[in-house]
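To start, the structure under review is shown below, and the notes come after it.
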Amino acid sequence: MKNKNSFLNNFKSISLAIFIALIIRSFIAEPFNIPSGSMKPNLLVGDFIFVSKWSYGYSRHSLPFSLPLIRGKFFSKLPKRGDIAVFKTPQDNRTDYIKRIIGLPGDKIKIIDGQIEINGNLIIRKKMKDFVDINKSGRKNRIRKYKEYFFNLEFEILDIMDLGIVDNTPQYTVPEGKFFVMGDNRDNSQDSRFSVVGFVPFENLVGKAQFVFFSLENSRFYELWKWPRAIRYNRLFKSIK
């Protein structure tokens, strides 16, 4: 009888812990790992970030596996231009992407020689020192870096080449209830400029990227023996802009 009570108590404790973790993950904050370089230089491969789930309100995509328990979106709050947001891709409503929100509903957007034009206003950028990228073999690659003056924000972007395949585009008009997103690594990002992503519905926004809480260079999280040399100590608890 004692063993049975002990098992039931442990089961209740574990169940409560899982329930609390799910509540936090669904409605407060969720950790994400950055698997690609589409948001360089601001987010690096191997960054682990926290995303606030309350920033844009809650939908079924706030829940684990996008369980269809919530209809529409409640406690909704529109994102701001320049926010870095995690969203479910409209193509399958399952895959998590992270990009910067460039256009709001009703905006008219065009890319001209790699620069963004929004509602007739050309976004100005200034050349900076090159970004030095290091691949898994330790080889360094220099990439052109710019500071972009995006309305009331300033952030860094990368521009690998001139005349990239989406450096000049037709004009996009953002539909009601949807958003136009782009990666900061402008020539190496699959985003709203491509039909496989397109405009992102408001309901698909999962949350806003807030800060990097951990970061590993050329190492996986479970490779603990590599941590002493792999941890990017200068990125720990770094705010995301």
Within region 107-143, can you find the residues that are farther than 30 Å from Glu217 by Cα and open to solvent by 50 Å² or more (accessible area, probe 1.4 Å)?
Lys108, Lys110, Ile112, Asp113, Asn119, Gly120, Asn121, Leu122, Ile124
Output the number of the condition that Leu224 fails; it satisfies all remaining conditions of (1) at pLDDT below 95; (2) over 22 Å from Phe50 (Cα atoms).
(2)
For region 62-79, enumerate the residues that are part of a loop (DSSP other than H, G, I, E, B), open to solvent by 20 Å² or more (accessible area, probe 1.4 Å) and within 12 Å of Phe202 (Cα to Cα).
Gly72, Lys73, Ser76, Lys77, Leu78
Region 131-159 residues that are of a type in the set (A, V, I, L, M, F, W, C), paired with ones that are assigned to a loop (DSSP other than H, G, I, E, B) and at pLDDT below 95 (beta carbon under 7 Å, 6 or more apart):
Ile143/Ile160; Phe155/Lys241
Within region 169-191, does at least one residue satisfy the condition of being polar (S, T, N, Q), open to solvent by less than 70 Å² (accessible area, probe 1.4 Å) and under 15 Å from Pro41 (Cβ atoms)?
yes
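Yes or no: Asn93 within 24 Å of Phe32 (Cα to Cα) and touching a helix residue (DSSP H, G or I) at 6+ places or on another chain (Cβ under 7 Å)?
The answer is yes for Asn93.
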Filter pass, Glu156 being modelled with pLDDT of 95 or more, surrounded by fewer than 21 Cβ atoms within 10 Å (Cβ to Cβ) and outside any loop (DSSP other than H, G, I, E, B):
yes
For the structure I just gave you, tell me whether Lys208 is open to solvent by 30 Å² or more (accessible area, probe 1.4 Å), at pLDDT 95 or above and of a type in the set (Lys, Arg).
yes
Among (1) within 21 Å of Val212 (Cβ to Cβ); (2) part of a loop (DSSP other than H, G, I, E, B); (3) open to solvent by 80 Å² or more (accessible area, probe 1.4 Å), where does Met161 come up short?
(1)
Region 140-172: number of residues that are of a type outside the set (D, E, K, R), touching a Lys or Arg at 6+ places or on another chain (Cβ under 7 Å) and closer than 12 Å to Lys129 by Cα:
3
Residues satisfying the stated conditions in region 70-103, i.e. without any contact (Cβ under 8 Å) to a residue 60 or more places away in the chain and of a type in the set (D, E, K, R)
Arg71, Lys77, Lys80, Asp92, Arg94
Residue pairs qualifying under the 6 Å Cβ cut-off, at least six apart or on distinct chains, with the first in region 214-241 being farther than 30 Å from Glu148 by Cα and assigned to a loop (DSSP other than H, G, I, E, B) and the second being of a type in the set (D, E, K, R) and open to solvent by 60 Å² or more (accessible area, probe 1.4 Å), are Ser219/Lys226
If Val196 passes every condition in (1) part of a loop (DSSP other than H, G, I, E, B); (2) open to solvent by less than 90 Å² (accessible area, probe 1.4 Å); (3) closer than 17 Å to Gly37 by Cβ; (4) at pLDDT below 95 but one, which one does it miss?
(3)
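The values are calculated or read from the model by the stated rules, or taken from the named source; none is laboratory data. In this text, all values refer to a predicted model and were calculated from it rather than measured experimentally. Here the Cβ is made from the backbone with ideal geometry for all residues, glycine too, and neighbour counts use every protein chain on show. We work out accessible area using only protein heavy atoms, side chains counted, and drop any ligands, DNA or RNA first. Shrake-Rupley method; radii C 1.70, N 1.55, O 1.52, S 1.80 Å.
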